Amino acid sequence: MIRRSARPWLGLLLLASLAGPAGLSAQATHHHRGTANVDGVESAGEWDGAGAGTVPLVLPPGLGGGTFDVTFLLMNDDDSLFVAVRLPYGSSPPFPAVLWLGEQVFRDGGRLCDPLTLIDAHQVESQDGGSIYWDLFEVQTPECWRTIGADNQNGGTTDGWGVWGAGGGSTFFEIGHPLDSDDDLHDLSAALGERIVVHLLGIGCDATSSCATPAELERRVFLESESFVFLGDFESGDLAGWSAGVPGPRGDS
Ligand SMILES: [Ca+2]
Ligand SMILES: [Ca+2]
């Protein structure tokens, strides 16, 4: 029997504590286009069109410890946004230890603590061999105190999919969700011309609830014309640095 944990709250609290401004470094913008099969398997060519960002992850002692570089992947098609990460732990840990990929998306250039920023959050967890997917909903208050809960417990619906799979000594996590669902109150529901922020977290927590140092990455995403999304490859920083630029051809990297 798979035991659900209260991990979404822990994950989102960690996101809140870890997020913060970093140096703004403008780089070229590119399309990152593709459709993932959200099955926990990194199939040949599946993520070739994705944008990528590599950051360090430290696993806690109960998961073997060690520091690893992990790579987050992001891409979209006309309907959905897809994210993925491969974590350096080869099996699903026993309860209460857990591995997960978390994603938060903010509309209209919102930031984590901006008042009334609607945050659509998704999380897929590996625990006891089970795959647990959450579609979560948050609203910032002026005090940066968030209301957090599952969409389907707050009058909404669960959108998207999240699945992990193990093999070759590592575990691959994939999430896909609509760019614009019918659940406007709780979901991203982003329109062309808007800018969004994608904040990603890859994490392993052992049975002592030690989570060591999660991998964390933030990307700004521009929803451009003709249903293309392309990433402004900036780390977090001053929103004044946003610029759409001119997208390159599909497959540019
Ligand atoms: Ca896949
Ligand atoms: Ca939803």
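All of F72, F68 fail the test of being out of contact with any Lys or Arg (no Cβ under 9 Å at 6 or more places or on another chain) and in a strand (DSSP E or B), apart from F68.
Condition check: surrounded by fewer than 21 Cβ atoms within 10 Å (Cβ to Cβ), away from ligand 2 (no atom under 14 Å from the Cβ) and either under 22 Å from G51 (Cβ atoms) or not acidic (D, E) (or both). Does G149 satisfy that? No. Taking the stated definitions as given, is G165 in contact with a Ser or Thr (Cβ under 9 Å, 6 or more places away or on another chain) and at pLDDT 85 or above? Yes; evaluated as a whole, the condition is true for this residue. The set of residues from region 155-179 being assigned to a loop (DSSP other than H, G, I, E, B) and either buried (at least 17 other Cβ atoms within 10 Å of the Cβ) or among the basic types (K, R) (or both) comprises G156, T158, D159, G160, L179.
Can you spot a residue in region 28-44 that is modelled with pLDDT under 65 and part of a strand (DSSP E or B)? Taking every residue of region 28-44 in turn, at least one turns out to be modelled with pLDDT under 65 and part of a strand (DSSP E or B). The residues of region 131-145 that are modelled with pLDDT under 75 and either within 12 Å of ligand 2 (Cβ to nearest atom) or of a type in the set (A, V, I, L, M) (or both) amount to a single one, V139.
Let's see how each residue does on (1) farther than 27 Å from D128 by Cα; (2) at pLDDT 90 or above; (3) within 16 Å of ligand 1 (Cβ to nearest atom); (4) small (G, A, S):
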{"site": "T147", "(1), (2), (3), (4)": "yes, no, no, no"}
{"site": "T157", "(1), (2), (3), (4)": "no, yes, no, no"}
{"site": "G160", "(1), (2), (3), (4)": "no, yes, yes, yes"}
{"site": "L185", "(1), (2), (3), (4)": "yes, no, no, no"}
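The values are calculated or read from the model by the stated rules, or taken from the named source; none is laboratory data. These numbers come from a predicted model, not from an experiment. Positions of Cβ are generated from backbone atoms using ideal geometry, with glycine treated the same way; all protein chains shown enter the neighbour counts.
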